Amino acid sequence: PGSLLSITQLSLEEVSNILALAERLAGEPQSKHATLLENRKLALLFYESSTRTRTSFELAAKSLGAMTTLVSDKSSSIEKGESLKDTGLTLRALGAECIILRHNASGSPYLLAKHTGLPVLNAGDGMHEHPSQALLDLRTILSRLGKKQAATDTTLDGITVCITGDILHSRVARSNALLLPRLGAKVILCGPQQLLPPEAVDLSTGITLERDFDKALQQSQVAMMLRIQKERLAGMQIDLADYQKQYQLNEDRYFKHAPTAVVMHPGPMIRGLEITADIADGPSSAIEEQVRNGLAIRMALLVRALNGGAA
Ligand code: CP
């Protein structure tokens, strides 16, 4: 209980409860919740680099009064060959009550939760999922579209979100594609053939594949851009000049095809490749808001993990 391993484990009612708690925590003075998780112990276990997820989980925990410790693969006994299971058991023996895990192996949060019995929050596992990112993206979309922070099967009726870039390797794309259609949104996964799932893949209702970015943009109220994940390409060759020509979100393309779309990017961005600076820093960009929403959502997830959601 309290774990968040996949976005699919949450009912829409639970998603709504998390959104409502995040809204409340973000809207009240920090002094109101400064002792909510006083002296509770959290371990951040990171096998891959991170700026946003790690920092926001840590600051969220500290703003609720919890104690945190960071264990990274580069400066721990993981370097000496210690397994994920043994690392988790060690953290538990030291008093950790919850583990926030980022790992390059898909499914590793399940393994850690099974072996430790602790609530585990998936902070990104390989090419599988990034559920807290999908929740903060949902909070951002609802707020930018002027909708209530709530999740029902019709909340995003009439809204199309195109997610563009390296879909194949993206846990962010997967978690969003697993969440947004449940609220009534259409999701277009857009990119070159080699970065899309195979045509034969069985897509859930509400999800389509599109190789033409302009066509995808013309239908979309939200344009979510993704980085090409060089670390996961495994020898795949991408012609970056051609990619930039066909898939870069720049002013020309934006104003021609989707002049009112909300622009999103989970970060880190590669400016000048998938997105230009004028768009990333422009008035339609919700990118910094996504980061801020990460703090609120992660506070709510920590309260859910350690206090059963009671705040
Ligand atoms: N969006 C995201 O997961 O960013 P980080 O890799 O910096 O945590």
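Mind grabbing the accessible area of LYS245 for me, 1.4 Å probe, Å², rounded to tens?
150
What do you get for the angle between helix 12-27 and the principal long axis of the chain? Use alpha-carbon atoms, 0 to 90 degrees, nearest ten.
With both axes taken from Cα atoms, the answer is about 80 degrees.
Just by accessible area at a 1.4 angstrom probe, what is the order of THR164, THR152 from largest to smallest?
THR152, THR164
For the stretch 152-186 and the stretch 10-64, what is the centre-to-centre distance using only Cα atoms, to the nearest Å?
Between the Cα centre of the stretch 152-186 and that of the stretch 10-64, the gap is 23 Å.
Round to the nearest 10 and give me the degree value, 0 to 90, for the angle of helix 84-93's Cα axis relative to the longest principal axis of the chain.
Orientation of helix 84-93: about 40 degrees from the principal axis.
Would you mind telling me which residue in ARG54, ARG102, ARG271 has the biggest mean-square fluctuation in a Gaussian network model of the chain, where springs connect alpha carbons within a distance under 10 angstrom?
In this elastic network of the chain, the residue with the biggest mean-square fluctuation among ARG54, ARG102, ARG271 is ARG271.
What is the spread of the Cα atoms of the stretch 127-168 along each of their three principal axes, largest first, in whole Å?
31, 20, 19
Skipping prolines and chain starts, which residues have an amide H placed within reach, meaning under 5 Å, of the one on THR160, given they are 5 or more residues away or on another chain?
Those lying under 5 Å, H to H, from THR160 are LYS186, GLN221, VAL222.
Using a 1.4 angstrom probe and counting only protein chains, how large is the accessible area of ASP242 in Å², to 10?
The accessible area of ASP242 comes to roughly 60 Å².
Taking N as the number of residues in the stretch 90-244, what value does Rg over Cα atoms divided by 2.2 N^0.38 Å take?
Compactness ratio reported: 1.15.
Magnitude of the Cβ-charge dipole of the stretch 41-134, K/R +1 and D/E -1, about the Cα centre, nearest 20 debye?
160
Can you tell me what share of the DSSP beta bridges in the chain is antiparallel? A percent to the nearest 5 is fine.
Taking every DSSP beta bridge with both residues in the chain, the antiparallel ones total about 5 percent.
Rounded to the nearest 10 Å², what accessible area does CYS162 show when all protein chains are kept and the probe is 1.4 Å?
Only protein atoms counted, so the area is about 0 Å².
Return the subset of LYS32/LYS114; LYS41/LYS85; LYS41/LYS148; LYS62/LYS230; LYS41/LYS230; LYS114/LYS148 for which the Cα-Cα distance in this structure is over 25 Å, preserving the input order.
From the list (LYS32/LYS114; LYS41/LYS85; LYS41/LYS148; LYS62/LYS230; LYS41/LYS230; LYS114/LYS148), the Cα-Cα distance tops 25 Å for LYS32/LYS114; LYS41/LYS148; LYS62/LYS230; LYS41/LYS230; LYS114/LYS148.
Roughly how compact is the stretch 200-284, stated as its Cα Rg over 2.2 N^0.38 Å to two decimals?
For the stretch 200-284, the normalised Cα radius of gyration is 1.14.
Report, to the nearest whole %, how much of the accessible area of the stretch 158-199 belongs to carbon and sulfur atoms, 1.4 Å probe, protein only.
Carbon with sulfur: 54 percent of the solvent-accessible area.
Please give the helix 287-307 orientation as an angle from the longest Cα principal axis of the chain, in degrees from 0 to 90, rounded to the nearest 10.
Once rounded, the angle reads 30 degrees.
With springs only between Cα atoms under 10 Å, which of LEU179, LEU136, LEU196 fluctuates most in a Gaussian network model of the chain?
Its mean-square fluctuation being the largest, the pick is LEU196.
Give me, ordered by chain and number, the residues 5 or more places off SER3 or on other chains with an amide H under 5 Å from its own placed amide H.
Long-range HN contacts for SER3: VAL120.
Say we join alpha carbon atoms closer than 10 Å with springs in a Gaussian network model of the chain; which of GLU38, GLU28, GLU58 then has the biggest fluctuation?
Maximum among the listed residues: GLU28.
Considering Cα pairs under 8 angstrom that are at least six residues apart, work out the relative contact order of the chain and quote it in whole percent.
21
So how do THR51, THR69, THR276, THR140 rank on accessible area, 1.4 Å probe, biggest first, that is with the largest at the start?
Ranked from most to least accessible, the order is THR51, THR69, THR276, THR140.
Sorted by accessible area with a 1.4 angstrom probe, largest first, how do LEU10, LEU94 fall?
LEU94, LEU10
Please give me, ordered by residue number, the GluC sites (Glu not before Pro) of the stretch 167-247 that lie in loop per DSSP and have at most 13 other Cβ atoms within 10 Å.
GLU199
With every protein chain kept in place and ligands, DNA and RNA left out, what is the accessible area per residue of the chain? Probe 1.4 Å, answer in Å².
Each residue of the chain exposes 43 Å² on average to a 1.4 Å probe.
The values are calculated or read from the model by the stated rules, or taken from the named source; none is laboratory data. Computed from a predicted model, the values in this text were never measured in an experiment. Here Cβ is always computed from backbone atoms with ideal geometry, including for glycine, and neighbour counts include all displayed protein chains. Remember, those area values only see protein heavy atoms, side chains included, never the ligands or the DNA or RNA. Shrake-Rupley method; radii C 1.70, N 1.55, O 1.52, S 1.80 Å.
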